[in-house]
C-alpha cells in the first residue's frame, strides 16, 4: 500500500510543479500582449556532442537596458538533453544552464521568431590557477 501512496504523491508533486511552471509562463506573457515564441533547448557536451540529461535551464527576462528583470523559470532536460517551453514573449532573454561536472553556461538571446531552437554546448571545468605551480616564464609581480 505504501508504494501506491508514494506513486500518488509523486504524481501530485509533478502536477503541482507543472502547474506552477505554466502559471509562470502565463504571468510572464501577461506583461506584454505582443507575440510569443516556442523555445526548444538542446544541451550537449562540448567534447563529443552527447546529450546532458537533467541539466537545469534557467530563463530570466531582461529589461531594455540589459538589467535582469524580476521572475525566472526553471526547466530540466530529458535523457536526450532537450527541454522546451511555449509562450515566451519576444525580446531579450537570459539563459543559464547548470549541470554537475560542467561549467555554468550563461548568455543573452534575442527572442524574435515564433519558434526557436537554442543549442548549448557545456564545457568541463578548467584547471584552477595556483601560485604554487611553475608557470614557465611568467614574471612575479613586484
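Bear in mind that the values in this text are calculations on the coordinates, not laboratory data. Quantities reported herein were computed from a predicted structural model and do not represent experimental measurements. All Cβ positions, even for glycine, are placed from backbone atoms using ideal geometry, and neighbour counts span all protein chains on display.
Some points to look at:
- The residue 90 and residue 54 beta-carbon pair, evaluated with R₀ = 35 Å, returns a calculated FRET efficiency of approximately 0.75.
- Our estimate of slack between residue 69 and residue 118, defined as 0.36 nm per intervening residue step minus the Cα-Cα distance, is 15.6 nm.
- Averaged over residues, the count of other Cβ atoms within 10 Å places the peptides 91-99, 123-131, 72-80, 109-117 in the sequence 91-99, 72-80, 109-117, 123-131, highest first.
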